[in-house]
Amino acid sequence: MRRHFVVLLTTACIGGGDPVLAQVSPRIPDLQNRSSAPLPLETREDALAGKRLRYLIGTEASGPGRDDEVTEVSYSTTQPARRGISIAYCNLFDEHNTGRFGPYLHTSDTAAEYNEGQIDPRGPGWEKNLREQFERRKKQGFEYIELDNPDAYSTKDVIGAMDLAASYGLKVIAKNPGLMGRGATDYVAHANVYGIIVEKGAGGAGDMDALRRKAGKPDLPVWFVAFGSGRAWAGNVANAAKQYRNMGVTYSSAGEYGNAIDVLVPTESTRSAGLATR
């Protein structure tokens, strides 16, 4: 943690005497109470606005990147793209079902489908899993992360995870907030949310625009991503998203997010895209 020192000039200095120096140590947040208030981060939504998303969590290659693009890399990818902004995939589940982060729950169909461990947020493994990922991503040089599978947990638990990410200087991209039910607005409104990624079945363009407006972030970047049988859905979402600012749509033709083909490129005014593959 970088420490800042503040010099205070006392009345002795003002009256002509020698200055008296007071060293003030930075306040370290109590992470055990982190859900009570978000930790402030510099506002950087504009850094992501109008940029294409290369959602590549299905391949270990981060690619070269481009200055006008945002690249999300997989769980096992160890470095950001060489150019542009990168997002690191992180998982609220035990990604490899290692058994190291117990106790576990068994209520998520997604965890069962992907053979991942649904960590119990009441147990010690919850924070251990998060800290290991945050420390690794910070050392690797990432500024943004996705926390996948939030819909398997309560809004309070997800907000606690985002506060913990903020203590590491990591900014969060919300995932499928439309699946969070009544907690969706609080999730998106959180000070440490800088964008939204939406998959098939988790909401459309109108839904996400209404949500970001209700959360007080009308220009928050939203990216819709699809693969496999989701090509038609991506096209339909793109047609609806044209009327909104900062909304983009991509489709992966190489399995589950092995590449990204633009269906709609986000801009400040939003317009349709020519196809481009990364």
I'd like to know if region 156-172 contains one or more residues that are in contact with a Ser or Thr (Cβ under 9 Å, 6 or more places away or on another chain), β-branched (Val, Ile, Thr) and either part of a helix (DSSP H, G or I) or modelled with pLDDT of 95 or more (or both). yes
Which one is surrounded by the fewest Cβ atoms within 10 Å (Cβ to Cβ) among residues in region 190-212 that are farther than 21 Å from Lys51 by Cβ and of a type in the set (D, E, K, R)? Asp207
Hits in region 173-214 (condition: within 27 Å of Arg231 (Cα to Cα), aliphatic (A, V, I, L, M) and not in a helix (DSSP H, G or I)): Ile173, Ala174, Ile196, Ile197, Val198, Ala202
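Conditions tested, residue by residue: (1) surrounded by fewer than 19 Cβ atoms within 10 Å (Cβ to Cβ); (2) in a strand (DSSP E or B); (3) modelled with pLDDT under 95.
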position	(1), (2), (3)
Trp233	yes, no, no
Ala238	no, no, no
Val249	no, yes, no
Ser269	yes, no, yes
Leu275	yes, no, yes
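For every residue, the table says whether it meets (1) of a type outside the set (Asp, Glu); (2) closer than 16 Å to Val222 by Cβ.
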site	(1), (2)
Glu146	no, yes
Ser154	yes, no
Ser167	yes, no
Ala174	yes, yes
Pro177	yes, yes
Gly183	yes, no
Gly195	yes, yes
Output the qualifying pairs, or none if there are none: Cβ atoms under 7 angstrom, residues six or more apart or on different chains, first residue in region 197-213 and in contact (Cβ under 8 Å) with a residue 24 or more places away in the chain, second residue among the aliphatic types (A, V, I, L, M) and in a loop (DSSP other than H, G, I, E, B). Arg212/Leu220
Qualifying positions in region 115-146 - out of contact with any strand residue (DSSP E or B) (no Cβ under 9 Å at 6 or more places or on another chain) and either in a loop (DSSP other than H, G, I, E, B) or within 23 Å of Ile196 (Cβ to Cβ) (or both): Asn115, Arg122, Lys138
If Ala226 satisfies all but one of (1) among the small types (Gly, Ala, Ser); (2) outside any strand (DSSP E or B); (3) touching a residue at least 24 places away in the same chain (Cβ under 8 Å); (4) under 20 Å from Glu146 (Cβ atoms), what's the number of the condition it fails? (2)
Determine, yes or no, whether Asn149 is polar (S, T, N, Q), buried (at least 20 other Cβ atoms within 10 Å of the Cβ) and out of contact with any strand residue (DSSP E or B) (no Cβ under 6 Å at 6 or more places or on another chain). yes
Report yes if some residue within region 219-230 is among the charged types (D, E, K, R) and either closer than 21 Å to Leu92 by Cβ or buried (at least 16 other Cβ atoms within 10 Å of the Cβ) (or both); otherwise report no. no
Can you tell me which residues in region 205-231 are among the basic types (Lys, Arg) and touching a Leu at 6+ places or on another chain (Cβ under 6 Å)? Arg212
For the condition β-branched (Val, Ile, Thr), surrounded by fewer than 16 Cβ atoms within 10 Å (Cβ to Cβ), in a loop (DSSP other than H, G, I, E, B) and at pLDDT below 85, what is the one hit in Thr43, Thr98, Thr78, Thr107? Thr43
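The values are calculated or read from the model by the stated rules, or taken from the named source; none is laboratory data. Fair warning: this is a prediction, and the values are worked out from it, not measured in the lab. Note: ideal-geometry Cβ built from the backbone for every residue, glycine included; neighbour counts use all protein chains shown.
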